[in-house]
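Heads up, the thing below is written out as structure tokens.
What follows draws every value from the coordinates through simple rules; no lab data is involved. Keep in mind that this is a model prediction, so the values were computed, not measured.
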Amino acid sequence: MKQGYRLVLVDKDGVLVSEFQLTESALSQPEVFVGKLREAIESVEEEEP
């Protein structure tokens, strides 16, 4: 695993939804990172009843 931070996204029941590796490269392109994060959140919202 590369050096950096990890962002773990879980749903309200604590189930892993997505995991992001925050490297220097990822942080240098915040628009791309935010877009991927938004996609992950929207997919969780679509699955909820």
**OP:** Would you kindly state how much longer the chain becomes between Val17 and Arg38 on full extension, computed as 0.36 nm times their sequence separation minus their alpha carbon distance, in nm to one decimal?
**Re:** 6.3 nm
Subject >> Extension gain, Glu47 back to Glu31 (0.36 nm per residue minus Cα-Cα distance, nm) >> reply: 3.3 nm
Original post:
Could you give the angle, 0 to 90 degrees to the nearest 10, between helix 30-47's Cα long axis and the longest principal axis of the Cα atoms of the chain?
Top reply: 10
